[in-house]
Amino acid sequence: MKFKEYKGLDLAQTAADVLGEWDARDTFHKSITTREGHPAFVFYEGPPSANGTPGIHHVMARTIKDVFCRYKTQQGYLVHRKAGWDTHGLPVELGVEKKLGITKEDIGKKITIEEYNRTCREAVMEFTGMWEDLTRKMGYWVNMDDPYITYDNKYIETLWWLLKQLFDKGLLYKGYTIQPYSPAAGTGLSTHELNQPGCYRDVKDTTCTAQFEVIRDQKSEKLFAGVEGPLYFLAWTTTPWTLPSNTALAVGPAIEYVKIKCRNPYTDRPQTVILAKELVPAYFTKKMEGTYEITGESWRGPELEGIRYEQLIPWVKPMGDAFRVIVGDYVTTSDGTGIVHIAPTFGADDDRVGRAAGIAPLFMVDKAGKNQPMVDRQGKFFLLEDLDPEFVKNNVDAEKYREYAGRYVKNAYDPNIAPDAETTLDIDIDGGTVRLPLTTLTDGEGNKATLEAQADISNTSNIAYSARLIPSNIMAIDTKARVNDQFYGKVYISGAVNVKGNRNGINVDVAVTTQPGSAFYLPLSNKSNMSEADWIVFESRQPENAAPENVLELKKQLYERSMTERTKRKEKVNLNLNVSLNVNPGLLLSIIIDPATNMTVNARGTAALNVLLNPGTGELSIFGTYEIAEGDFLFSMPFIHPALIFRREALEAAGGYSTLPRCDRCEDYDLLLRLYEMGYSGANMQEFLFRYSLPHNGISTRTLRDRTNEVRTRWARFSALGLLPKALPYALKPWAVWLVPRNTLRRLKEKRAAKSGDKL
């Protein structure tokens, strides 16, 4: 065999030459006809859709396919390479609907089914010519003269026949799988369709940590030792709309779980929770230290398996075993609580582990007798009217479920809610009482408080209302001195705030406790008029020999004074604000007596303080006792020197200030430069040590002789340090300043002072 010699590499020309030779010799068809009578190898191409243009990924896939067919041909097989066109499926339907400007609901109304099908047949072959051209140019051998087309009845009936053969052989069974569904398209989606560009996009979504109450029985008894309040499993989910369909909780086989005594963040009642040990810091932060207790007991995931819990949202009873802990191999501690909420009707993994553990999915039964998930294919909870009456009677709590039947499971699905709306607020009106649902308020750091409120509107002339706010380590104060010079700081609180009122007056009762991480600064120097009722008595921890009656008497006096003050205020205003503030040692209280001298009292300890407000004047009165556990009193006296501070030994080593005539009026420069000559180093301090004032007309009146002496001093010292000529401008600066008029100097100083905020 002789091979042609090529002098240069021209791939495009080589490809054209090879294709021309294959066409001239009809090589592709001969590769089939020359194998007549040989064993057959039939290849059906996975059909592309010709309603779109081909891409490079098609070239890559077809190249791999072609390798197998050529290999089998070389082995001597008769290889029938049958091309095909995919004319069904979502891409075709969506393309036609976009072209016609219709939706699924318009078929049979705005356009007949026959017209729709005809348009689909035309659209699906729109780019056939481009596909055939690509097929030839890439050298892909496939028979495009007799392709199979999926809209052809012969093809459709062939599939039916194949399914019948499988059924007759007992290879088909009825069951349920988790399949993605498109409400807009009205059809299920394949994995391939889910991977199409533009299918996924980033959206804001709600996450939820739910509490599942543990049922106390023989199996769970080991968890209840030392428990305070109810015992809950904490489970985290990114799909809270599936919680009504929960039938199991999954734990990790190698994850360690702990029990924590704490208080409910919404009700402030004691409770105990179980979650992964590794994720405790995500739910119980350093700021919450002292508010919770880890019991020290721990269990691995398999030790919790089989423990049962109460159904979270008891709308529908499942038809089988449910509501127990199972082990899931996909449970991790990368986020959440290490316990996963399981809803087998909505998640493929949930369905898999649920089936393996014998957990029943939560189905609804419609009027046709078919099992359905709780959510229909439009993203709404099923209507009771669409369900089987017998199923509703036996398995549905109609009273609880009816309120949500027919509603979208997510706000994002509801066209009546703005896309950026954070929440919706449902109002419950019962007779003459309007109730707002439990609402969560969040501060800038993610700490939460719950709010519930109601109003009695039976008497429209005098509506009575009440509200209760339960803060849980929430930031109540966050202000800076430059914003509020009366007080500032950052204070976290927990407790309760109760509000009751009508047209005749408002009562606000606040009972809160400061939380760790709090700091409150009170500049007394800014108080122009201190109220007589501003009593904060600081006392050290009571010594052993102290007379207890003295302390009791003081507290009695404070209480009586507060009641007197409160009575006076109530006579004048219709707002009664009573703040009971318990201070724990986690709060830093800093009373700034004089900011100029940094005269400050810092204290940590415990206190029981009361606050009264006069709404008319805005005057606050604070009284109570503050028992100091630790503290300090800071006081400093600034030196009256504008720039330089020396160590004594440095001054002595340098011989102090020079008395030579040439150093007259420039002793500081001379001393500084001599210290540098001796090897001493200095530091430039950026922070303010103190402020000082100059007379408004305080411009130097040094003579030309003084300036000349200063120049000589600088020149000599800069020269000795090897800084010339680089430092020449600084050496000559005194002469330059002398040449500038005084008025100009004064204006320059005033401008500089105004820019820095200093006073001349």
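Want the number for LEU19 to LEU723: 0.36 nm per residue separation, take away the alpha-carbon distance, what's left?
In short, 245.3 nm is gained.
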Segments 276-282, 158-164 sorted - mean Cβ within 10 Å per residue, highest first: 276-282, 158-164
Taking 8 Å as the Cα distance limit and 6 or more residues as the minimum spacing, I'd like the relative contact order of region 85-181 as a percentage. 36 percent
Provide the packing ranking of 389-396, 251-258, 207-214, i.e. peptides ordered by the mean count of other C-beta atoms within 10 Å per residue, highest first. 251-258, 207-214, 389-396
Using r as the Cβ-Cβ distance of LEU438 and ASN394, and R0 as 25 Å, what FRET efficiency do you calculate, to the nearest 0.05? 0.20
So for the pair ASN153, ALA736, with labels modelled 7 Å out along Cα→Cβ, what separation do we get in nm? 10.1 nm
FRET efficiency, LYS448 to ILE506 (Cβ-Cβ, R0 25 Å, nearest 0.05): 0.50
If you take the beta carbon distance between LEU9 and CYS199 as r and set R0 to 25 Å, what does 1/(1 + (r/R0)^6) give as a FRET efficiency, to the nearest 0.05? 0.05
Taking 0.36 nm per residue of separation and subtracting the Cα-Cα distance, what length does fully extending THR34 through TYR404 add? 126.1 nm
Students often get this wrong, so check it: of LYS367/LYS410; LYS7/LYS72; LYS448/LYS480; LYS99/LYS370; LYS219/LYS410, which have C-alpha atoms separated by over 31 Å? LYS7/LYS72; LYS99/LYS370; LYS219/LYS410
Per-residue ³J(HN,Hα) for region 216-232, Karplus 6.51 cos²θ - 1.76 cosθ + 1.60, θ = phi - 60°, Hz, x for Gly and Pro: 7, 8, 4, 6, 9, 3, 4, 7, 8, 5, x, 6, 10, x, x, 10, 10
Under a crude label model (7 Å from the Cα following the beta-carbon direction), how far is MET60 from ARG377 in nanometres? 3.4 nm
Once fully extended, how much extra length lies between TYR71 and VAL499, figured as 0.36 nm per residue of separation less the alpha-carbon to alpha-carbon distance? 145.7 nm
What distance in nm lies between label points placed 7 Å from Cα along the C-beta direction at ARG647 and TRP715? 3.4 nm
Over 22 Å between Cα atoms, which of LYS261/LYS490; LYS259/LYS286; LYS104/LYS204; LYS82/LYS169 qualify? LYS261/LYS490; LYS104/LYS204; LYS82/LYS169
Relative contact order %, region 11-192, counting alpha carbon pairs below 8 Å whose residues are six or more apart: 26 percent
In sequence order, what are the phi-derived ³J(HN,Hα) couplings for region 97-109 according to the Karplus relation 6.51 cos²θ - 1.76 cosθ + 1.60 with θ = phi - 60°, rounded to whole Hz, with x for glycine and proline? 4, 5, 5, 8, x, 10, 10, 4, 5, 7, 5, x, 10
May I ask you to order 43-53, 335-345 by the average number of other C-beta atoms within 10 Å around their residues, highest value first? 335-345, 43-53
Listing THR238, THR267 from the residue with the fewest other Cβ atoms within 10 Å to the one with the most, what is the order? THR238, THR267
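No lab work stands behind these numbers, since they all come straight from the coordinates. Keep in mind it's a predicted model, so treat the numbers as computed, not measured. Note that we place each Cβ from the backbone using ideal geometry, even for glycine, and neighbour counts take in every protein chain shown.
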